[in-house]
1. Can you go through 230, 202 and tell me which one is surrounded by fewer than 20 Cβ atoms within 10 Å (Cβ to Cβ) and either away from the ligand (no atom under 11 Å from the Cβ) or more than 24 Å from residue 96 (Cβ to Cβ) (or both)?
2. Which of (1) under 26 Å from residue 145 (Cα atoms); (2) surrounded by 24 or more Cβ atoms within 10 Å (Cβ to Cβ); (3) more than 19 Å from the chain's Cα centre (by Cα) is the odd one out, the single condition residue 387 does not satisfy?
3. Do we have residue 183 as away from the ligand (no atom under 16 Å from the Cβ), touching a residue at least 24 places away in the same chain (Cβ under 8 Å) and under 18 Å from residue 272 (Cα atoms) here?
4. Output the residues belonging to segment 119-153 that are more than 23 Å from residue 222 (Cα to Cα) and touching a residue at least 12 places away in the same chain (Cβ under 8 Å).
5. Just checking, which of 328, 291 is in contact (Cβ under 8 Å) with a residue 12 or more places away in the chain and outside any helix (DSSP H, G or I)?
6. Which members of segment 53-79 meet the condition of being touching a strand residue (DSSP E or B) at 6+ places or on another chain (Cβ under 9 Å) and farther than 30 Å from residue 370 by Cβ?
7. Restricting attention to segment 265-301, which residues are within 16 Å of the ligand (Cβ to nearest atom), crowded, with 17+ Cβ neighbours inside 10 Å and either closer than 23 Å to residue 77 by Cα or outside the structural domain of residue 103 (by TED's automatic domain parsing) (or both)?
8. Name the helices (runs of 4 or more DSSP H) wholly within segment 26-123 that hold at least 2 residues that are more than 25 Å from the chain's Cα centre (by Cα) and either within 16 Å of the ligand (Cβ to nearest atom) or surrounded by 16 or more Cβ atoms within 10 Å (Cβ to Cβ) (or both)?
Ligand SMILES: Cc1ncc(COP(=O)(O)O)c(C=O)c1O
């Protein structure tokens, strides 16, 4: 076997220093820390694909509006707990413009990133009915959301959607919902980590079952309209970002400033509660709070208790970004399309050297090129592949941590620089030589 770019013992030693027994379960932060240490010790640059953070400059529209708001003195004032009226209005328009759904401004609630949106949603949904004490994940998914439930002491169930695409989703979902303990269903679309996109047939199944079994759908749109196979970027014109909102009234749409607007640092998003859900009362909420509807409890009880609202200046930024997008003055998707171009080039390199895409299609259509993709190598488990690639200076996380039952890794395109493609090609060529396919 030829020498690897990073000495094996250096990685092995770092892994044992971190006391990681099973590398398939290493978290994103651990993989990042090991890569950083090995990089410093070896002087060899890592090709870093483990972190899902934006690698692009923040939207200039947002930065300008936020600076102006600060200069106008808003920092000293508590923000309105319901949210900045302009932001609520623009979020409602954004939903009409890019999803073609009517949702009143009242239900569009600023949060300190979708992370807080899901935390507040999990909490509120879990308190609606005593017998519904479990969240269902359509996995693979974003690992921190399960951690949120762990932190709050709530139960969850999960299944890997890999084998249940299309109409197969119906019976699978129903097998959970029939038990009567599910309060909410969560998934991301496009999906972190696999970049599969649930289509209208699947969203209809989810929506209809949500109505039948009276559960709330948490549709995580962190990668809003980033299915680059279609041009979803023209406001008030089809095609639109697909959504479950067409098929049920029980939903919350979680829109994030982090990826679509590269605004992760300011922790801003909008949780958009359907008109019907906003005004609905639930026995569990009435008992606990002495009254209130889903929407008012979400805002005046839960968000108030968590952070008393969302950073005032960041709300001005988000309002300006949404407004410029709604007015057709700012094509936010143009700025992030580069992730898709990177994915295309990276996938080509991996596939040429014997790797395969793990989640490779949407009901027969090749998946889109986007922020993430998933790779596997014949005969290797997720943990083996993740560790082996570290010897080649390539860091990525195992799919095990995402609730996937498939063997492989999640690769993120956000940190890839132009000079790294040729280097990746060389390293994967050596990898293939050292691991000949049978
Ligand atoms: C699926 C998904 N949801 C939510 C988030 C977090 O979004 P925010 O930065 O708005 O909290 C991420 C970030 O990686 C994500 O991948």
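The values are calculated or read from the model by the stated rules, or taken from the named source; none is laboratory data. From a predicted model like this one, the values you see are computed outputs, not experimental measurements. Neighbour counts are summed over all protein chains in view; Cβ atoms, including those assigned to glycine, are modelled from backbone coordinates with ideal geometry.
1. On the way: 202 fails: surrounded by fewer than 20 Cβ atoms within 10 Å (Cβ to Cβ).
After applying the criteria, what remains is 230.
2. It fails just one condition, (2).
3. Working: away from the ligand (no atom under 16 Å from the Cβ): yes; touching a residue at least 24 places away in the same chain (Cβ under 8 Å): yes; under 18 Å from residue 272 (Cα atoms): yes.
Criteria met by residue 183.
4. Step one: of segment 119-153, the residues more than 23 Å from residue 222 (Cα to Cα) are 127-133, 153.
Matches in segment 119-153: 127, 128, 129, 130, 131, 132, 133.
5. On the way: 291 fails: in contact (Cβ under 8 Å) with a residue 12 or more places away in the chain.
That would be 328, the only listed residue that is in contact (Cβ under 8 Å) with a residue 12 or more places away in the chain and outside any helix (DSSP H, G or I).
6. 79
7. Residues of segment 265-301 that are within 16 Å of the ligand (Cβ to nearest atom), as a first pass: 265-272.
Now restrict to residues that are crowded, with 17+ Cβ neighbours inside 10 Å: 266-272.
266, 267, 268, 269, 270, 271, listed by residue number.
8. Details: elements: 28-42, 60-71, 85-99.
Once the helices (runs of 4 or more DSSP H) in segment 26-123 are filtered for at least 2 residues that are more than 25 Å from the chain's Cα centre (by Cα) and either within 16 Å of the ligand (Cβ to nearest atom) or surrounded by 16 or more Cβ atoms within 10 Å (Cβ to Cβ) (or both), what remains is 28-42, 60-71.
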